[in-house]
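Report on one structure; see the data block that follows.
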Amino acid sequence: MLTYAIGDIHGCYGKLRNLLDHCMAHRGARDFRLVFLGDYVDRGEQSREAVELLIETQAQAPDGIVCLKGNHEDMLLTAAKGGDAETWLYNGGDATLASYGVDRAADIPSAHLQWFDALALAITDEQRFFVHAGVRPGIPLQQQSKNDLLWIREPFLSDPREHGLYVVHGHTPSRSRTPELRHNRLNLDTGAYFGGPLTAAAFDESRVGPTTFITDDGTITTPPALPSQHRV
């Protein structure tokens, strides 16, 4: 079984489509699962197309496609339910409205709003914890707050402690536009909207960390294994 985790998309439909093609070519005949780490909308010009592709892909393989909620989906839902729309618009929501051809978040098709609302905050396998933003260090994974799972940066990013499982996340764009591989976490937000690639990390059961990185232009690289003392 291969698990592909994919970082923040932000309306970059073309990069998403290309990356999915490259992941499917990479997997060959092996069983696979796709885990999307959230932030499908806002900033980019094709949020609607990206969401439609995700929904269609998930419908074709409901047991093999997991889409997690990002803070941008959560802001959109807050605006759609009559809450703070200004913060969402300031953070790229205006591009999402333009993509859908509507004036308010509440006017986004109800099927898409329901899909956003049903997105899980995190999932786990035996070795890894997949989430949008990260976790609060020192707090058991099952006790993490929604706000931290969707929004946290510090103290998570600089904390060297193990978190019980290896954390795979997005949310904070990597300055190098490459995955940020640490002994206790992997950041897959490689700034797709900001000119970087959209990146997937492939995992199998041979090691805790990723075996392969794949970008939307088809580049495939092999990251170093995690130090043995940091295996969980």
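The alpha-carbon of K146 sits under 22 angstrom from the alpha-carbons of these lysines, leaving out residues fewer than 8 places away in its chain: K69, K81. Comparing Cα centroids, region 27-50 and region 138-205 end up 16 angstrom apart.
With K and R counted +1 and D and E -1, the other residues having a Cβ less than 10 Å from that of L157 yield a net charge of 0. Largest GNM mean-square fluctuation across R27, R43, R177, computed for the chain with C-alpha springs under 10 Å, falls on R27. Between F36 and I6, V66, C67, L68, the built amide H atoms are under 5 Å apart, and every one of these is 5 or more places off in sequence or on another chain. Extension gain for R17-W151 works out to 45.6 nm (0.36 nm per residue, less the C-alpha to C-alpha distance). Classification of region 149-221 by its C-alpha gyration tensor yields an oblate form. The axis ratio a/c (a ≥ b ≥ c) is 1.5 or more, and b/c is at least a/b. As a rough guide to protection, the peptides 146-153, 67-74 ranked by mean Cβ packing within 10 Å, highest first, stand as 67-74, 146-153.
Each peptide among 10-19, 102-111 gets the average number of other Cβ atoms lying within 10 Å of its residues, and from highest to lowest they stand as 10-19, 102-111. Computed packing ranks the peptides 186-194, 51-59 as 186-194, 51-59, most packed first, by mean other Cβ atoms within 10 Å. As a length-normalised measure over Cα pairs under 8 Å and 6 or more apart, the relative contact order of the chain settles at 23 percent. Rounded to the nearest 500, the 222 nm mean residue ellipticity of the chain from helices alone is -8000 deg cm²/dmol, with -39,500 (n - 2.57) taken per DSSP H run of at least 4 residues. Among R207, R33, R185, the residue with the largest mean-square fluctuation in a Gaussian network model of the chain, with springs joining Cα atoms closer than 10 Å, is R207.
Run through the DSSP bridge list for region 2-230 and note the antiparallel percent, rounded to the nearest 5. Percent antiparallel among DSSP bridges in region 2-230 is about 50.
Where a number appears in this text, it was derived from the coordinates with a stated rule and is not lab data. Quick caveat, the model's predicted, so the values are computed rather than measured. As a convention, Cβ positions derive from the backbone with ideal geometry for all residues, glycine included, and neighbour counts pool all protein chains shown.
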